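These notes are about the structure you will find just below.
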Amino acid sequence: MDAALMMRMVTALFAALFAAFCLTISTVTAQTDNTLRANLPAEGTISDETPSLSWRFYGWQDQMLSFRVRAVSPTLDPVLTIRNADGQRIIGNDDYNYPDSRDSLVEGITIPRSGEYEVIVSSFGETTGDFVLTMLPGYATFLLDERFVTVGDWTPHNLTSYRVQDGVAAIEADGVAQTGLLVNPDLTLGERYYIEAIIDTVSARNDWALGLALRYRDVANYIALALSERGEWRLVHVSDGDERIVRDWTPHPAISAGETAFRLGALVDGDTISVFYDGLFVGRVGDVPSVAGGVAAGVLTRTAEAVGSVIRAEVDDLFITVPTRIASGYVFPTELVSASPRIAAQELVRRGVMPSGGQMAWEIEDSFLDNRAPGVAHLPLVADTRLTDFALGATVQMTFTREEGVAGCGLLFGYQDETDYWMAYLDNSGGYGLSRRVDDSFDNDEGFFAVRDGWDVTATSDLLLVVRDAHAHLFINRQHAASWDVADAGGAVGNIAVNFGSSVISCQFRNVWAWRLDTAD
């Protein structure tokens, strides 16, 4: 390798690291440049002279982030848009809780690939005024934003020292293989939340481990997420004081051995815990044992198994975010970031459309289905797979050999036989819907139909269907199209080509995938 090439590689590496540091937690009350930083509000004004303002941030693939634009002026109706480095819109929002609020919210999204992104705030119509833009790891609503200005409600256990000074909590523990805890017993956490601790520094005599106490009930019952000096993480279930390893020490390329300043986060969702290091997703553990009454959380330390071991750490901030609630419940996503199988499945779970757990049932790269006569041609895929609660997605495109009327392509589900099945489809006129066939006819009372300008299955289109508890959510081109009750929706799944006229059509399906929410065959 020549010197010039080496220099270019080093320069690129430092540029990437610098961009990553742009996504840091800060205690400053507001920012003045156009780099958007987590938990640091950005203020702006939309006017006739300045119809939009933009900020940039560096996002890591699989990172979980939320964005909120709060209108300070009652005259402003803000619109939020996020674009990737190529200038392509990946998601946006306007009026997430209309008419109660005109604020904009994009919550719990999954960054599809590492790189620079742009956040744009504009306005609906000709409205103007002041606003505040905030980006947070995890969800968009704070349950706790601890800056350690005072000792507060934090209780130390098995620590030799705990003090708060200059916005930092300094903790110390000693002994052989001793676990120290700093917890807030007054917290009442639900089944789903994101927690992150910002560690300023950690030092030790002998080896050290530092992490988070999750699902904490008392000193003898909790889940321990620990990060070691060796650059590995593990998950332990503590029950009546006994430790059981759920995931043993696991390395990850993003975790640097010996690093003493870092951010450690966890997304807790039922019995599934996802782990984040400096914003990067490093692993997920399912079937984590429950802790009855475990509704608190905190920071933990672990000394080495050697005489004279000591660990000292300084915690800058600790915050917990939870899904935003409105009068009707949690905010349902009106748009998804990506239609790719892995990202879409992950985002559907993080945004509460699907429960945690589940697994990919199968993926098929390509399939084709023709229809030369009026009616529905159907192709069940992987015939021995029957799904009750699931996600089914595909990228589709229809071509005409002879165009005589309306035709479309779609997803087959709940298939029992040729006279008993459901279909979700998009046609060449912008029409889309859900329909159920029973015997020789389609029952219009159980389905729906609508039309949207700009949608046309003769162009490449993304279809995604989620069926859970006899309720279906249909996304088309990553936009939420409809939600509908679907009875008897369990069965085989696959593709359909529907012909409402006498056309000759061919439907191409790419990246067809099914995600199993249930465990029954």
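Readers should treat all values here as calculations from the given coordinates under stated rules, not as data from a laboratory. As the structure is a prediction and not an experimental result, all values here were calculated from the model. Note that each Cβ is placed from the backbone with ideal geometry, even for glycine, and that neighbours are counted across all protein chains shown.
Things to note:
- For region 228-383, the Cβ-based charge dipole about the Cα centre amounts to some 280 debye (Lys, Arg positive; Asp, Glu negative; other atoms uncharged).
- Average Cα contact separation per residue, region 472-515, under 8 Å, 6 or more apart, as relative contact order %: 21
- Rounded is the label for region 358-516, because the ratio a/c of its alpha-carbon gyration tensor axes (a ≥ b ≥ c) stays below 1.5.
- The chain - Debye-derived log10 I(q)/I(0), Cα point model, q = 0.07, 0.12 Å⁻¹: -0.46, -1.15
- Relative contact order for region 358-516, counting Cα pairs under 8 Å that sit 6 or more residues apart, in percent: 44
- For region 144-322: rounded, prolate or oblate by the Cα gyration tensor [a/c cutoff 1.5]: rounded
- Note on Ser290 and Gln165: with the Förster distance fixed at 30 Å, the Cβ-Cβ geometry gives a FRET efficiency of about 0.20.
- Positive end of the dipole of region 240-393 (Cβ unit charges, origin at the Cα centre): among Thr321, Ser356, Leu264, the Cα lying farthest that way belongs to Thr321.
- Candidates per trypsin sites (Lys or Arg not before Pro) in region 321-414, loop by DSSP, up to 15 other Cβ within 10 Å: Arg372
- Placing dummy labels 7 Å off each Cα toward the beta-carbon, the span from Asp242 to His471 is 4.0 nm.
- Here the residues His480, His378, ranked from fewest to most Cβ neighbours within 10 Å of their Cβ, fall in the order His480, His378.
- Relative contact order computed over region 221-372 (Cα-Cα under 8 Å; 6+ residues apart), in percent: 14
- Using the Cβ-Cβ distance between Asp271 and Trp249 with R0 set to 25 Å, the FRET efficiency from 1/(1 + (r/R0)^6) comes to roughly 0.75.
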